[in-house]
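Novice: Sharing a structure with you now.
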2 protein chains.
Amino acid sequence: MSSFKLCCYDAGRMERTLILDCNNKIGEKVKICGWVQVRRDHGKILFLDVLDRSGLIQVVIPIGVKLIHPPGVQDVVCIEGKVDKRPPNLVNKNIPTGEIEISAEHIEVLSKAAELPFDMGGKELDLQLPTLLDFRSLTLRHPKIKEIFKAQAAILEGFRKAASDLGCTEIVVPTIVAGATEGGAEVFKIDYFDHKAYLSQSPQLYKQMLVPVYERVFTIAKAYRAEPSVTTRHLAEATQLDIEIGFVEFEDLLDFLEEVAVKMLKFAEDFGVEQIAFGKIPRLTLRKAQDLILKEFGRDNRKEKDLTPQDEVDLCKWALEKHKSDFVTVTHFPTSAKPFYTMPDPAEPEYSLSYDLLFRGVEILSGSQRINDYEQLVKSIESRGMDPKNFEMYLQAFKYGMPPEGGFSFGLERVTMHVLGLANVREASLFPRDMERVDVRL
Amino acid sequence: MSSFKLCCYDAGRMERTLILDCNNKIGEKVKICGWVQVRRDHGKILFLDVLDRSGLIQVVIPIGVKLIHPPGVQDVVCIEGKVDKRPPNLVNKNIPTGEIEISAEHIEVLSKAAELPFDMGGKELDLQLPTLLDFRSLTLRHPKIKEIFKAQAAILEGFRKAASDLGCTEIVVPTIVAGATEGGAEVFKIDYFDHKAYLSQSPQLYKQMLVPVYERVFTIAKAYRAEPSVTTRHLAEATQLDIEIGFVEFEDLLDFLEEVAVKMLKFAEDFGVEQIAFGKIPRLTLRKAQDLILKEFGRDNRKEKDLTPQDEVDLCKWALEKHKSDFVTVTHFPTSAKPFYTMPDPAEPEYSLSYDLLFRGVEILSGSQRINDYEQLVKSIESRGMDPKNFEMYLQAFKYGMPPEGGFSFGLERVTMHVLGLANVREASLFPRDMERVDVRL
């Protein structure tokens, strides 16, 4: 052990220095605490890369010193030592602490990690999805994976900032509901005391109900879908970023959604995101978009009720080339293909005042102007074969005065996935739920 | 109708002015949009109080003008008119637009409200709880009720600000879980594809699992309790504000929780909250607190494992008198009364490194230093009669290196309830869930 003593974690010893702050402590003695990210054994000299919430630093355990229990990867350590400037030829320009290193004097292992089931020290974590998720509590520690959820946190913050800038009030909406929100898609049933209840498919109806209260609202809410699907795009439990706004016209809504999308993604740019093209976003009706697909890409999809996945890819390619924009707004989807609350275009009621925002080849947002007239809304519910009695509290909001209104919604995990170019939406959820897995495999 | 024409809502007419901005438009013509809050019929002259998201203004419909359909309460209106200064004797000092009024020239009713089931124009909304909730989409519009959820939005913002100041990363945790989180309390079962799953009782285990990833994390998450309880304090679906922090000692945790509580509640102070006493918060162990209850209030509860409700009231009375603080921190509850992850005090293991924060007579926060050693945690799970196999993903986080850590949790609705002095926690949830109600009565 020679000069290595136990460095007690408890009070009375040195105060902890965050790793990034070591840059200001050259020549001083510090104590750092963190995880061993990488261990390099160079014969008699041992190097550790130690990580805390502020950053990563190289720790040198000098020649001639023997450790009975040399720290291993993922061990939690407290290290006391001197901050040294590295020789110029050994500076690592890729990290903010690349000009310094710590020469260790005391090392304590606060928590010993079990032997790792795979290498965590590489730049990439090259694992198949099932393994990535079977060891989720471990794999989340890899710097590349950590960055995904740093980006996600930034997207959340950016969304809230953009929503606040619009004057929206934050609301907390329930997830336990009495009926299927939007009809159609499958819902999860709950044993609710002596009754049946369901998990909400979206915060849609509640955010609308709050328009007469705050006029402009936003919520970050859970959305559950019981679709027995194993595609790369579906989660059983997802997160929605929702905005709803009163006293608006269709064009305002398009302005707002584009403004929010741009602000939100600018927040994520620092976290491994390939530079986004923020040119003026082109707007096309579905039919114009389909005409363009025919003209530019030679596929005649003009009878389709929606864009095909390839259409979305091609439209974004076109938008990037012609408008220097990674986004395209597509409007006026067929009314019959949209939920009951969607406002038909008065000029042409088989099309609706609806919109999707495409980003790099996929839809990341959808929304619409809503039907705000009580009678029209009741008729729309009935026309879809649903019973207005199941929408009693929702309809109450319209019965007592509802202005023209509309809104939109992002899928948090989908946005995270596409902005980072991930292959599967499960990689964009800390603990993804699907039909095969709730943390562990079912 | 005389001078009153239809004021088209669609494009091409005047742009809308927010009501509060009318203060800067004296003598000018404006268009405002909003809800009729109050209507006063003074013989031939008609007054409307019109409300939008920015505020409220008095609208005068001059003598001699007849409206075929005079707007009623909760009608959505667009009104064009001139902004006039009020005569000095008619200034209303209670509202920011009290020095002005609008003399209406055009009025359009965009959405007609049905006849109200009760008076919405009073300063208070004096309804029994069942009626308040049966008409929730309507009653939320009352200014007093609106303010509750403005305060709640401010608490959310304040919490996030305080958590960010501590360096916490925001995380999104799942609500669908494979087993009961903490044992004990009853859980909601879900039909999860061909399996059984449950609604999470708290984000506790997930936030702990993220400590080795980001060291400091926060989350705003749902918590579900299937207790068949109809008390004023329980919701089936509640919202938790959670923080978890690595590399901390017990005293740090106490500092952090008090810092977060104070910052958070300062954000709410603008919204109908009686001024909070922010003196230095006294800290007492449970036993010291019980001694104090005996000495000061004459009740010998020293054998109780927890504070009684009256103890909480009295302790807060004492803290306010002696320390000018609306808060008291109570620590060291019996280990056996706390969840399995609670760290026993090494000096006296039958008591734990746990804490509650009391505010004005009730607990609004609880938390603890956690067991961070894998073996000790497994034993603690087993000692509660639970099977570590059901905690596989959770335990994985401890298996691969977990620092000393701890955290705490506020109940959003409880905090909102107590900071505003509401009688029932249901009043602090936009759409409260309990065993009798999911929006409508079951």
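Novice: Starting at the first residue of region A:219-235, write each ³J(HN,Hα) from the Karplus equation 6.51 cos²θ - 1.76 cosθ + 1.60 with θ = phi - 60°, in whole Hz, x for Gly and Pro.
Specialist: Karplus-based 3J(HN,Hα) across region A:219-235 equals 8, 10, 9, 7, 9, 10, 10, 8, 5, x, 10, 10, 5, 7, 10, 10, 10 Hz.
Novice: Can I ask one more? Whole-Hz ³J(HN,Hα) for each residue in region B:55-62, computed from phi via Karplus 6.51 cos²θ - 1.76 cosθ + 1.60 with θ = phi - 60°, x for glycine and proline: what do you get?
Specialist: With coefficients 6.51, -1.76 and 1.60, one gets x, 10, 9, 8, 10, 9, 9, x Hz.
Novice: Right, another one. Roughly how many nanometres apart are two label points built 7 Å out from the Cα toward the Cβ at B:D41 and A:F47?
Specialist: Placing both labels 7 Å along Cα→Cβ, they lie 8.7 nm apart.
Novice: What residue in chain A has the Cβ closest to the axis turning A into B, and how close is it in whole Å?
Specialist: Taking the axis that maps A onto B, the answer comes out as A:I190, 3.
Novice: Ok, one more. Given a Förster distance of 41 Å, report the FRET efficiency between A:R384 and B:K305 from their Cβ-Cβ distance, rounded to the nearest 0.05.
Specialist: Efficiency at R0 = 41 Å is approximately 0.15.
Novice: Report, to one decimal in Å, the Kirkwood hydrodynamic radius for region B:133-441 based on all distinct Cα pairs.
Specialist: Taking the inverse mean of 1/r over all distinct Cα pairs, region B:133-441 comes out at 20.2 Å.
Novice: Amide H to amide H under 5 Å from A:I100: which residues, 5+ apart in sequence or cross-chain, H placed 1.01 Å off N in plane?
Specialist: When sequence neighbours closer than 5 places are left aside, the close amide H contacts are A:R86.
Novice: Let me ask you something else. Can you give me the relative contact order of region A:19-111 as a percent, contacts being Cα pairs under 8 Å and 6 or more apart?
Specialist: 33
Novice: Another question, if that's okay. What number, rounded to the nearest 500 deg cm²/dmol, is the helix-based mean residue ellipticity at 222 nm of chain B, given -39500 (n - 2.57) per DSSP H run of at least four residues and division by all its residues?
Specialist: So the calculated ellipticity at 222 nm is -8000 deg cm²/dmol.
Novice: Any idea what the A:E304 label distances to the other copies are, label 7 Å down the Cα→Cβ vector, nm, shortest first?
Specialist: Going from nearest to farthest copy, the values are 6.7 nm.
Novice: Mind putting a number on the dipole of region A:133-441 about its Cα centre? Charges go on the C-beta only, +1 for Lys and Arg and -1 for Asp and Glu, and I need it in Debye to the nearest 20.
Specialist: Numbers: 40 positive and 49 negative charges, 142 e Å.
The dipole magnitude comes to about 680 debye.
Novice: Which distances, shortest first and in nm, link B:N89 to the matching position in the other copies, using label points set 7 Å out along Cα to C-beta?
Specialist: Spelled out, the distances from B:N89's label point are 9.5 nm.
Novice: Please give the charge dipole size of region A:19-111, origin at the Cα centre, charges +1 on K and R Cβ atoms and -1 on D and E Cβ atoms. Round to the nearest 20 debye.
Specialist: Working: 12 positive and 12 negative charges, 41 e Å.
Dipole of region A:19-111, to the nearest 20 debye: 200 debye.
Novice: Taking 7 Å along the Cα-to-C-beta vector as the label spot, tell me the A:K322-B:K144 distance in nanometres, rounded to one decimal.
Specialist: 5.9
Novice: Out of the DSSP beta bridges found with both residues in chain A, what percent are antiparallel (nearest 5)?
Specialist: Percent antiparallel among DSSP bridges in chain A is about 90.
Novice: Here's another thing I want to ask about it. Measure out, as a whole number of angstrom, how far apart the alpha-carbon centroids of region B:234-253 and region A:121-144 sit.
Specialist: Taking the Cα centre of each part, region B:234-253 and region A:121-144 sit 27 Å apart.
Novice: Moving on. For a footprinting-style exposure proxy, rank B:E304, B:E108, A:E375 by other Cβ within 10 Å, fewest first.
Specialist: Listed from fewest to most nearby Cβ atoms, that is A:E375, B:E304, B:E108.
Novice: Would you mind telling me which residue in B:F135, B:F267, B:F218 has the biggest mean-square fluctuation in a Gaussian network model of chain B, where springs connect alpha carbons within a distance under 10 angstrom?
Specialist: B:F135
Novice: Hey, if you put +1 on the Cβ of every Lys and Arg and -1 on every Asp and Glu Cβ in chain A, which of A:G81, A:L133, A:P212 ends up farthest toward the positive end of that dipole?
Specialist: Sorting the options by dipole projection puts first A:G81.
Novice: In addition: Tell me, what is the percent relative contact order of chain B, built from C-alpha pairs under 8 Å that lie six or more residues apart?
Specialist: Rounded, it is 13 percent for chain B.
Novice: For chain A, with the dipole built from +1 on Lys and Arg beta-carbon atoms and -1 on Asp and Glu ones, taken about the Cα centre, which of A:S409, A:A151, A:G122 lies farthest toward the positive end?
Specialist: A:G122
Novice: Rank A:A428, A:P309, A:L90 by how far each Cα sits towards the positive end of the charge dipole of the protein assembly as shown (+1 on Lys, Arg Cβ; -1 on Asp, Glu Cβ) and give me just the farthest.
Specialist: Farthest towards the positive end: A:L90.
Novice: Right, here's the next one. Structure shown: which of B:K123/B:K266; A:K295/A:K322; A:K25/A:K146 lie over 18 Å apart, alpha-carbon to alpha-carbon?
Specialist: B:K123/B:K266; A:K25/A:K146
Novice: Long-range amide H contacts for B:E105: which residues qualify at under 5 Å (H placed 1.01 Å from N, peptide plane, sequence gap of 5 or more or a different chain)?
Specialist: Long-range HN contacts for B:E105: B:E80, B:G81, B:K82.
Novice: By how many degrees, 0 to 90 and rounded to 10, does the Cα axis of helix B:143-165 deviate from the longest principal axis of chain B?
Specialist: 50
Novice: Starting with the fewest neighbours, write out A:H332, A:H195 ranked by other beta-carbon atoms found within 10 Å of each beta-carbon.
Specialist: Fewest-to-most ranking of A:H332, A:H195: A:H195, A:H332.
Novice: A:R433's amide H: which non-local residues (gap 5+, or another chain) put their own amide H closer than 5 Å, with H modeled 1.01 Å from N in plane and none for Pro or chain starts?
Specialist: Result for A:R433 returns A:A236, A:E237.
Novice: Per-residue HN-Hα couplings for region A:30-41, Karplus 6.51 cos²θ - 1.76 cosθ + 1.60 at θ = phi - 60°, whole Hz, x for Gly and Pro?
Specialist: Each residue of region A:30-41 in turn: 9, 10, 10, 10, x, 10, 6, 8, 9, 10, 10, 9 Hz.
Novice: So if I take the centroid of the Cα atoms in region A:311-365 and the same for region B:297-315, what is the distance between those two points in Å?
Specialist: Spelled out, the Cα-based centre of one part sits 62 Å from the other.
Novice: Only Lys, Arg, Asp and Glu count, each charged at its Cβ (+1, +1, -1, -1), so figure out the dipole size of the protein assembly as shown about its Cα centre, rounded to 20 debye. Write out the running numbers ahead of the final one.
Specialist: Numbers: 114 positive and 134 negative charges, 149 e Å.
My answer is approximately 720 debye.
Novice: Ok, one more. Would you calculate the separation in nanometres between label points at A:K25 and A:D194, each defined as 7 Å from the Cα along the Cα-to-beta-carbon direction?
Specialist: For A:K25 paired with A:D194, the spin-label model returns 6.4 nm.
Novice: For A:K189, go through the lysines and keep the ones whose alpha-carbon is under 28 Å away, minus same-chain ones fewer than eight residues off.
Specialist: A:K189 reaches A:K207, A:K222, A:K338, A:K379, A:K389, B:K189, B:K196, B:K207, B:K222, B:K389.
Novice: Moving on. Report, for A:K280, each distance to the same residue's label point in the other copies, shortest first and in nm; define the point 7 Å along Cα→Cβ.
Specialist: 6.2
Since every read-out is calculated from the coordinates, none of them should be taken as a lab result. Quantities reported herein were computed from a predicted structural model and do not represent experimental measurements. Ideal geometry is used to build each Cβ from the backbone, glycine not excepted, and the neighbour counts take in all protein chains shown.
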